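A short reminder: the numbers here are calculations on the coordinates, not readings from a lab. Because the structure is predicted, anything quoted here is derived from the model rather than measured. Note that we place each Cβ from the backbone using ideal geometry, even for glycine, and neighbour counts take in every protein chain shown.
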Amino acid sequence: MKQLDDFAIRGGRPAFEAKLHVAQVNLPDRERIEEMIRGIFARRFYANHGPLVAELEERFAASVGVDHAVCVANATLGLIVLAAALDLDGPVVVPSFTFPASVQAIRWAGLRPLLCDVDPDTHMLSAATVAPLLDQGVAAIMGVHLWGHCCPVAELATLAEGHGTRLFFDACHGIGCRRADGAVGGFGVAEVFSFHATKVLNAAEGGCITTNDRRLADRLRTIRNFHASQTFAADVPRLNAKMSEVQAGLALLSLEQLPENVAANRRRFAAYATGLAGLAGVRVLPPPDGPEDATNYQYVVVEIDPRQAGIDRDGLLAVLQAENVVCRRHFYPGLHRMPGEADACLGRDFPATEALAGRIMQLPNAQNMSADTVARVCELIRDILGNAAALQAAGEGRAS
Ligand SMILES: *Cc1c(COP(=O)(O)O)cnc(C)c1O
């Protein structure tokens, strides 16, 4: 057991020599990347709907089980393109607890977001949280699947249908996830995935919009390209959201490795769950456990109860950071506290978002982390909680 002055924040040596990160950075084999890039140079086809983008669209659509996949340069652009393609007339309901790009995209599409508090257990929208907002002339609901878990899609779909509003999803955390009613990618009118380097599927930057609606796919393909040679629909705005061949090549390699990467995430998740089991004040957010549920285990989310743990989330985070365990507090402080979002709040309170922003954090889960390293992180957290009173007396963290 460590003593107070053994902790790096008190001047001791960090428990880990190199920083441990939350981000995945799942990189395919170096040799296979080089081979892929040699192919691009041999074909001299670098951008503008090359063969690798076409192959990725076909494979990704098949892997998700949808009719159309439209690849884009990143998911933020994908959300902008989708919101524009839906030709919405009215505000869009967006959760207050999500990555800022979700709401930025709505604004760049010329629409007003309407922030909605989330369910405190799932951290996502539910019919109960959205329903009170639907008397505001809402044109669409954008659900965000968080942490590799699915939104309650069926109840959101029923609600949207009853009010004649569109429903679509930010599926940036949702690759490889499913529930009894289907796989992420096929819910709502469309879903948007991110292939950013930090996500489970890594194309360095990149994204994809999936839909079963042929007409919508035509509009998405038209909007994504500024050039008239790619026109599949009339009267739509246009921009440049095209994916490059290098991105598509990386995404194809990463797609092949997806089952392997998810399996590694699952092993690390299990190691965390075991290592932190029974530790008072630290609750690991459990994965969905229905027989047909599947998650990618990308995020290991823990909730800190400061009274039981003896130290609050920010105190624990600071002590861990000093030990080179670089935890994150996504999505602090909540979008309702972001400058410029007052017109999205309508003076309402966001108690669930506030509570989550103050109590949860994500633990490191990068590709190169072994189960053994995870066990050492858990041991370290136990040591910190064991010294919570001394750390607090020394000014590190609070207990309420
Ligand atoms: C990463 C992320 C985005 C942005 O994706 P990019 O591909 O980086 O533009 C949007 N929403 C959520 C929930 C994300 O995690």
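How would you classify the range 37-160 from its alpha-carbon gyration tensor, with a ≥ b ≥ c the square roots of the eigenvalues: rounded for a/c under 1.5, else prolate if a/b is greater than b/c, otherwise oblate?
Verdict is prolate for the range 37-160.
Helix 30-43 versus the longest principal axis of the chain: what angle, 0 to 90°, nearest 10, using Cα atoms?
So the helix axis and the longest Cα principal axis differ by about 20 degrees.
Taking 0.36 nm per intervening residue step and subtracting the Cα-Cα distance, what contour gain separates A390 from W108 on full extension?
Taking 0.36 nm per residue and subtracting the Cα distance, the gain is 96.6 nm.
How much net charge surrounds A62 when only the other residues with a Cβ under 14 Å from the Cβ of A62 are counted, with Lys and Arg +1 and Asp and Glu -1?
Here the count lands on -4.
Please report the net charge: other residues with Cβ closer than 12 Å to the Cβ of I304, K and R +1, D and E -1.
Once all neighbours under 12 Å are counted, the net charge is +2.
With a Cα-only, solvent-free Debye model of the range 128-284, what are the log10 I(q)/I(0) values at q = 0.17 Å⁻¹?
Summing over Cα pairs of the range 128-284 leads to -1.14.
In percent, how large is the relative contact order of the chain, given Cα pairs closer than 8 Å and 6 or more residues apart?
23
Quickly work out the K19-to-D135 label distance, labels modelled 7 Å from Cα along the C-beta direction, and quote it in nm with one decimal.
4.9
Tell me, what does the Kirkwood hydrodynamic radius of the range 293-400 come to in angstroms if you use every pair of distinct C-alpha atoms?
After inverting the pairwise mean of 1/r, the radius is 15.5 Å.
Helix 258-276 versus the longest principal axis of the chain: what is the Cα-based angle in degrees, 0 to 90, to the nearest 10?
Helix 258-276 sits at roughly 20 degrees to that axis.
Please compute the length gained on full extension between S370 and R214, using 0.36 nm multiplied by the number of residues separating them and subtracting their Cα-Cα distance.
Length gained, S370 through R214: 51.8 nm.
Provide the FRET efficiency to the nearest 0.05 for the A228-R44 pair, computing r from the beta carbons and using R0 = 25 Å.
The computed FRET efficiency comes out at 0.60.
Using mean Cβ contacts within 10 Å as the protection proxy, how do 231-238, 218-225, 367-374 order, highest first?
218-225, 367-374, 231-238
Ratio of the chain's C-alpha Rg to 2.2 N^0.38 Å, to two decimals?
Relative to the 2.2 N^0.38 Å estimate, the chain comes out at 1.02.
How big is the antiparallel share of DSSP beta bridges in the chain, given as a percent to the nearest 5?
Counting only bridges with both partners in the chain, antiparallel ones make up about 55 percent.
By the gyration tensor of its Cα atoms, with a ≥ b ≥ c the square roots of the eigenvalues, what is the shape of the range 138-224: rounded for a/c under 1.5, prolate for a/b over b/c, or oblate?
Since a/c reaches 1.5 but b/c is at least a/b, the shape of the range 138-224 is classed as oblate.
Within 10 Å, count the other beta carbons around each residue, average over each peptide in 185-192, 154-161, and list them highest first.
Descending packing order for the listed peptides: 185-192, 154-161.
Please give, to one decimal in nm, the separation of the simple spin-label points placed at A280 and E161, each 7 Å out from Cα toward the Cβ.
For A280 paired with E161, the spin-label model returns 4.9 nm.
Rank the residues F45, F97, F269 as a footprinting-exposure proxy: fewest other Cβ atoms within 10 Å of their Cβ go first.
Least to most surrounded, the residues fall as F45, F269, F97.
I want to verify the translational diffusion coefficient of the range 34-106 in µm²/s; compute it with Stokes-Einstein, Rh as the Kirkwood radius over Cα pairs, at 25 °C and 0.890 mPa s.
165
Under 1.5 on a/c is rounded, so check that first for the range 266-356, then, if it is not, pick prolate when a/b is larger than b/c and oblate when it is not; a ≥ b ≥ c are the square roots of the alpha carbon gyration tensor eigenvalues.
Oblate, since a/c reaches 1.5 and b/c is not below a/b.
Remind me, relative contact order of the range 70-126 in percent, using alpha carbon pairs under 8 angstrom and six or more residues apart?
Dividing the mean separation by the residue count of the range 70-126 yields 35 percent.
To the nearest 10 degrees, how steep is helix 371-386 against the longest Cα principal axis of the chain, on a 0 to 90 scale?
Around 50 degrees separate the two axes.
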